[in-house]
1. Considering the range 1-16 alone, what residues qualify as being open to solvent by less than 30 Å² (accessible area, probe 1.4 Å) and either over 23 Å from residue 219 (Cβ atoms) or modelled with pLDDT of 95 or more (or both)?
2. Looking at the structure I just gave you, is residue 59 in a loop (DSSP other than H, G, I, E, B) and touching a Phe, Trp or Tyr at 6+ places or on another chain (Cβ under 7 Å)?
3. If a residue counts only when it is over 16 Å from residue 164 (Cα atoms), within 16 Å of ligand 2 (Cβ to nearest atom) and at pLDDT below 95, which helices (runs of 4 or more DSSP H) contained entirely in the range 182-262 have at least 3 such residues?
4. Quick one: what pairs do we get from the range 76-89, first residue closer than 15 Å to residue 121 by Cα, second among the β-branched types (Val, Ile, Thr), C-beta under 6 Å, 6+ apart or different chains?
5. For the range 64-94, give me each residue that is charged (D, E, K, R) and either modelled with pLDDT of 95 or more or open to solvent by 80 Å² or more (accessible area, probe 1.4 Å) (or both).
6. So which residues in the range 95-109 are closer than 14 Å to residue 66 by Cα and open to solvent by 10 Å² or more (accessible area, probe 1.4 Å), if there are any at all?
7. List pairs: first residue in the range 227-255 and small (Gly, Ala, Ser), second residue within 16 Å of ligand 2 (Cβ to nearest atom) and not in a helix (DSSP H, G or I) anywhere in the structure, Cβ distance under 6 angstrom, at least six positions apart or on different chains.
8. Answer yes or no: is there a residue in the range 189-208 that is under 19 Å from the mean Cα position of the chain (by Cα), within 14 Å of ligand 1 (Cβ to nearest atom) and of a type in the set (Val, Ile, Thr).
Amino acid sequence: MTAPGISKKRLLAVCGKGGTGKTALTAMMTRVLLDSSNSGKLLLIDADPAMGLPNALGLKVKRTMGQVREEIIKTARGSDKEKKAKLASMLDYMVMEALYETDSFSLLAMGRTETQGCFCPVNNLLRDAIETLSSNFDTIVIDGEAGVEQINRQVMRRVDTLIIVSDATSRGVQTAALVKKMVRDDKVIQCEKIGLIFNRVRGNQELLKQAAQEIGLDVFGYVPQDENIASYDLVGKSILELPVTSPGLAAIRHIVTDHILK
Ligand SMILES: Nc1ncnc2c1ncn2[C@@H]1O[C@H](COP(=O)(O)OP(=O)(O)OP(=O)(O)O)[C@@H](O)[C@H]1O
Ligand SMILES: [Mg+2]
């Protein structure tokens, strides 16, 4: 159910070539959404096993979904019948335990998976539990990897808006084109809207716009190279504390207003 005063539920995922700024942009979006009055209850999902998002937000996560998954696999393999029988009913609770809650938002870190091999039924059960958990939130933002397979396999089967981040390089744009193909042609994940954000932009906006047109993607916005972001990252300061006047934050504010909270 959507909280009173909130126009609708929003499910967003961020992906794109490695190192283009997915985590920094997710953290800045968090800041802007928290400043906005109609984003409602906010859930962040760090779907990158490297877990950069808690770091960027200055949080120390204690438990990950990867750990929950390990426990489930161990219990399912063990001989304790009673525990096994209880497992299904405990799933939602176990996922709740991995939820990191702050005063203003919640975060779920997927973390790493140690056990090798395919455990599709476990993944499916956990994904269902994450989807159930998400239904208690109004805005959900997933910080992903380059592609969308892992989001579909472990986090959600559908998103409303997919945000692809690219830097001002042809490899960044090529990765964006590949992700678009995965979604539109190969249907790797269900998704209504796809948009491109160019990050660390230093001019060349016309050329970037043209490159996006060539691959058939709408540009949600251009985020400039912002020394505040780089220096906050360097000293481990939370992106949530960026100065209001930060140029990167101003660009994200426009993107959120025009394309996300619309
Ligand atoms: N607009 C920006 N201006 C300056 N520095 C930036 C900007 N956006 C990101 N950075 C810096 O670029 C680096 C990579 O950013 P980030 O970690 O967000 O990328 P990522 O796409 O999440 O990477 P990964 O694929 O490893 O998860 C970081 O050091 C970050 O501080
Ligand atoms: Mg990242």
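1. Here is the first cut: in the range 1-16, the ones open to solvent by less than 30 Å² (accessible area, probe 1.4 Å) are 6, 10-16.
Once the filter is applied, which keeps residues that are open to solvent by less than 30 Å² (accessible area, probe 1.4 Å) and either over 23 Å from residue 219 (Cβ atoms) or modelled with pLDDT of 95 or more (or both), the range 1-16 yields 6, 11, 12, 13, 14, 15, 16.
2. In short, yes.
3. Working: elements: 205-214, 227-235, 247-255.
Helices (runs of 4 or more DSSP H) meeting the threshold: 227-235.
4. 87/75
5. Of all residues in the range 64-94, those charged (D, E, K, R) come to 69-71, 74, 77, 80-84, 86, 92.
Hits for the range 64-94 are 74, 77, 81, 82, 83, 84, 86, 92.
6. 96, 97, 99
7. Taking only residues 6 or more apart or on different chains, the pairs are 238/57; 238/58; 248/223; 251/223.
8. Scanning the range 189-208 turns up at least one residue that is under 19 Å from the mean Cα position of the chain (by Cα), within 14 Å of ligand 1 (Cβ to nearest atom) and of a type in the set (Val, Ile, Thr).
The values are calculated or read from the model by the stated rules, or taken from the named source; none is laboratory data. Bear in mind the structure is a predicted one, so any value in this text is a computation, not a measurement. When we count neighbours, we look across all protein chains shown, and the Cβ atoms used for this are built from the backbone with ideal geometry, even at glycine. Note: accessible area is taken over every heavy atom of the protein model, side chains too, but ligands, DNA and RNA are not part of it. Shrake-Rupley method; radii C 1.70, N 1.55, O 1.52, S 1.80 Å.
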